[in-house]
Amino acid sequence: MLSQRSGRRADAQAAVAVSAGGAVALPLAAGRRWRGRAHVIEPPRAGFIGALNELWLYRWAVPYFGRVYLARRYRRTWLGFLWVPLKPGFNMASRILIFGGVVGITAGKTPYPIFLLIATAAWQLYAETVLWGTRSMEMGAKMLQRLELPRLPMIFGAVVPGSIEFVTYSLFAAIGLGYYLLRAHKFYLHLGIQTLLVPAGLTLIVLQAVGTALVLSGASARARDIRYGMHFGLNFLYLATPVLYPLSRVPAAWRPLAELNPVMGSIEMVKDGLFDSHELTTPATLVAIIGAAMLWAIGIWVIHRSEVRRRALVARR
């Protein structure tokens with residue numbers, strides 16, 4: 001427990017952190033008084049419930065690290081946060097031109113730009129969360145040396161840049177829907193009870209992305225090979241997931257193999273909730289749910305072992 005007698009000044013003052021392994025002295029600057037809240041530093045609890053408890057206790061750190069990742073992303077740029085809408089705008093303009101115009105991909109009754117924008121919004125939520133979550137341990141290594149902070153809030157902070165990407169692409173999709181509504185007098189989204197699939201799919205996407213980061217973030221902090229491999233893996237998944245094309249374009253012989261893609265089920269949940277496509281299958285949904293559960297089980301175990309080792313080193317200092 002962090003403690004210090006108020007009202008007493010001394011040349012050497014310290015806050016004492018008491019854990020199961022003993023007392024650790026955390027020196028404060030001379031002449032300063034401890035005015036913070038008492039905080040008990042306990043050994044990390046194993047299991048899913050213990051991880052959620054730590055995430056709740058340190059929930060204030062999630063938006064903080066989200067801002068850190070955003071600032072890191074647009075650091076050393078002239079336009080700064082103007083790249084938030086510019087980068088998705090340039091990406092979508094080129095993909096719509098090439099895949100919708102040159103290649104001629106269609107999405108049934110839905111205009112291809114609307115299909116691509118919504119599918120990409122869901123994909124970017126996954127990809128950005130994975131990328132920044134995987135880098136979280138590397139970016140927060142110096143802070144972990146100074147503060148007693150669990151790893152899970154740092155990884156969950158990656159949901160912030162992922163969510164901003166999702167919102168940005170969704171706003172472009174809303175502009176496109178307004179354009180087609182004025183031009184063709186038709187609203188191309190099918191809203192109803194099936195729209196409940198959208199929040200379910202987005203929640204599953206976040207769980208999959210955070211689970212992947214839980215597994216890989218520790219190794220990524222030690223070797224950049226993980227980050228390089230992650231970029232290759234995400235590029236392959238992007239092409240293998242029905243984002244640039246509808247699932248109906250996948251040949252029937254390849255459909256069972258495509259359903260083994262763990263991201264496809266969650267992306268299709270979002271698309272089926274908004275489009276009249278009915279392409280979501282039970283095997284793809286089960287693969288997505290089971291994959292997310294397995295990632296979290298392995299990730300929580302990896303993070304728990306890392307926390308135990310780190311706190312044991314701190315206690316011996």
Exercise. Output ³J(HN,Hα) for region 218-227: one whole-Hz value per residue in order, computed from phi by the Karplus curve 6.51 cos²θ - 1.76 cosθ + 1.60 with θ = phi - 60°, and x for Gly and Pro.
Key: x, 5, 5, 5, 8, 8, 6, 4, 4, 5
Quiz item: Roughly how many nanometres apart are two label points built 7 Å out from the Cα toward the Cβ at Trp78 and Ala184?
Solution: 3.9 nm
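Please sort 60-73, 268-281, 93-106 by packing, taking for each peptide the average over its residues of neighbouring beta carbons within 10 angstrom, highest first. Write down the numbers at each step before the final one.
Working: 60-73: 16.6, 268-281: 20.9, 93-106: 13.4.
Descending packing order for the listed peptides: 268-281, 60-73, 93-106.
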Practice problem: Can you tell me which of 293-299, 177-183 comes out highest on packing, and rank the rest after it, using the mean Cβ neighbours within 10 Å? | Solution: 293-299, 177-183
Quiz item: Under the Karplus relation 6.51 cos²θ - 1.76 cosθ + 1.60, θ = phi - 60°, what is the ordered set of whole-Hz ³J(HN,Hα) values for region 292-307, x standing for Gly and Pro?
Solution: 5, 5, 5, 4, 5, 4, 5, x, 4, 5, 5, 5, 4, 4, 5, 5
Exercise. State the volume of the convex hull built on the alpha-carbon positions of region 169-317, expressed per residue in Å³ and rounded to an integer.
Key: 146 Å³
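Could you list Ile303, Ile118 in order of exposure, starting from the residue whose Cβ has the fewest other Cβ atoms within 10 Å? Walk me through the intermediate numbers first.
Working: Ile303 23, Ile118 29.
Fewest-to-most Cβ neighbours within 10 Å comes out as Ile303, Ile118.
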Self-check item: Whole-number Å³ per residue for the convex hull built on Cα positions in region 45-311
Solution: 144 Å³
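What does the extension gain come out to for Leu191 and Leu260, with contour length at 0.36 nm per residue minus their alpha carbon separation? Write out the running numbers ahead of the final one.
Details: separation 69, 0.36 × 69 = 24.84 nm, distance 2.80 nm.
Here the segment from Leu191 to Leu260 would lengthen by 22.0 nm.
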Quiz prompt | region 129-136 - phi-based ³J(HN,Hα) in whole Hz, Karplus 6.51/-1.76/1.60, Gly and Pro as x | solution = 5, 5, 5, 6, x, 5, 8, 4
Quiz item: Plugging the Kirkwood radius over Cα pairs into Stokes-Einstein for region 234-284, at a temperature of 25 °C and a viscosity of 0.890 mPa s, what D comes out in µm²/s?
Solution: 223 µm²/s
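Only the coordinates and a few stated rules stand behind these numbers; no lab work does. Everything numeric here is computed off the predicted structure, so don't read it as measured data. Cβ sites come from the backbone with ideal geometry, for glycine too, and all protein chains shown count toward neighbours.
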